[in-house]
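A quick write-up on the structure given underneath.
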Amino acid sequence: MHRNGSAGLHVAVAQMNSGADKEANVVSALDLIDRAAAAGVRLVALPEVWAYLGPDDGNRPSAEPIPGPITERLAERARRHGIYVHGGSILEVAAGDPGMYNTAFVIDPNGDLIARYRKVHMFDVDLAGDESYRESATVTPGNEIVVTEIDGLPVGLATCYDLRFPEIFRILALRGAKAIILPAAFTTTTGKDHWEPLIRARAIENQVYMIASAQWGMHPPGAWCYGRSMIVDPWGTVVATAADGVGVASAVIEPSRVDVVRRQVPSLANRRPEAYRWPEEAAALAASRLGV
């Protein structure tokens, strides 16, 4: 239930234009949380890698443990406003672990860390011209799929490039998720053609709400993010979209709407897992990657 007693959950997506100045990014995030809370939301979601979005050589120096200084500052806001904060994702390091992770997390209204998710799929691509990205050059992939609860609503966690891998979203739905939060920093090159169609497809396929917070605009050393943070319902209808720029968009999501859609088009109930087989070549490729 929403804290005001209604069945819906009022959620906000915060759209940022992060850069290489970590403290400036934190101040901007806290301001957006305050603005969302003033509008009466119960949950606010930040975008991907919002604490630092700059040249790769600044990634590890900007990383920190979870819990750590950033989670403490967000926890203070969660307690102050009595809301849930999905902390987008930040770069995480841990004592005794040589890896660095792109980690999403959720803080409850008491300021407690209730979930964390390390991004599974690394954005390693060569786009048109000389535009290329190698997330795996500095970031270690996670290997755990995560569902948590927000005011009793089962919510799945995914991050940015995960959007292109429908398997993870189907698993989240089968584990009970009725909404999925997706922080992102989609490039303008891919975002203008793929961002909205993919979000709507994942919502329709799995009959879930998609809550997608994005980076917008230019960040150093000259890369561009698409923005258009949005909330999409389980029918695939876009119910809120952020305008270009830094800001907040919000909507009330209704868990009962998920149930209605799943009754109308029972595609999850009509699955036939016993008939599904990976092609032999896919199984062989997976085995080779595992060194089997």
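The values are calculated or read from the model by the stated rules, or taken from the named source; none is laboratory data. For clarity, every value in this text was computed on a predicted model and none was experimentally measured. Every residue, glycine among them, receives a Cβ derived from its backbone with ideal geometry; neighbour counts consider all protein chains shown.
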Taking the options Trp235, Trp224, Trp278, name whichever one is over 26 Å from the mean Cα position of the chain (by Cα) and surrounded by fewer than 18 Cβ atoms within 10 Å (Cβ to Cβ). Trp278
Subset of the stretch 160-171, residues under 22 Å from Arg263 (Cα atoms) and under 13 Å from the mean Cα position of the chain (by Cα), comes to Phe169
If a residue must be modelled with pLDDT of 95 or more, crowded, with 16+ Cβ neighbours inside 10 Å and either over 24 Å from Ile83 (Cα atoms) or not charged (D, E, K, R) (or both), how many such residues does the stretch 171-187 contain? 11
I'd like the full set of residues that are touching a helix residue (DSSP H, G or I) at 6+ places or on another chain (Cβ under 8 Å), part of a strand (DSSP E or B) and either of a type outside the set (Val, Ile, Thr) or surrounded by fewer than 23 Cβ atoms within 10 Å (Cβ to Cβ) (or both), limited to the stretch 74-87. Tyr84, Gly87
Test of understanding: among Ala29, Ala20, which residue is within 20 Å of Tyr226 (Cα to Cα), in contact (Cβ under 8 Å) with a residue 40 or more places away in the chain and either hydroxyl-bearing (Ser, Thr, Tyr) or part of a helix (DSSP H, G or I) (or both)? Ala29
Restricting attention to helices (runs of 4 or more DSSP H) lying wholly within the stretch 163-279, give those where 1 or more residues are more than 23 Å from Val44 (Cα to Cα) and touching a helix residue (DSSP H, G or I) at 6+ places or on another chain (Cβ under 7 Å). 166-174, 188-206
Of those in the stretch 155-168 that are closer than 16 Å to Gly142 by Cα and in contact with an Asp or Glu (Cβ under 7 Å, 6 or more places away or on another chain), the residue surrounded by the most Cβ atoms within 10 Å (Cβ to Cβ) is Thr159
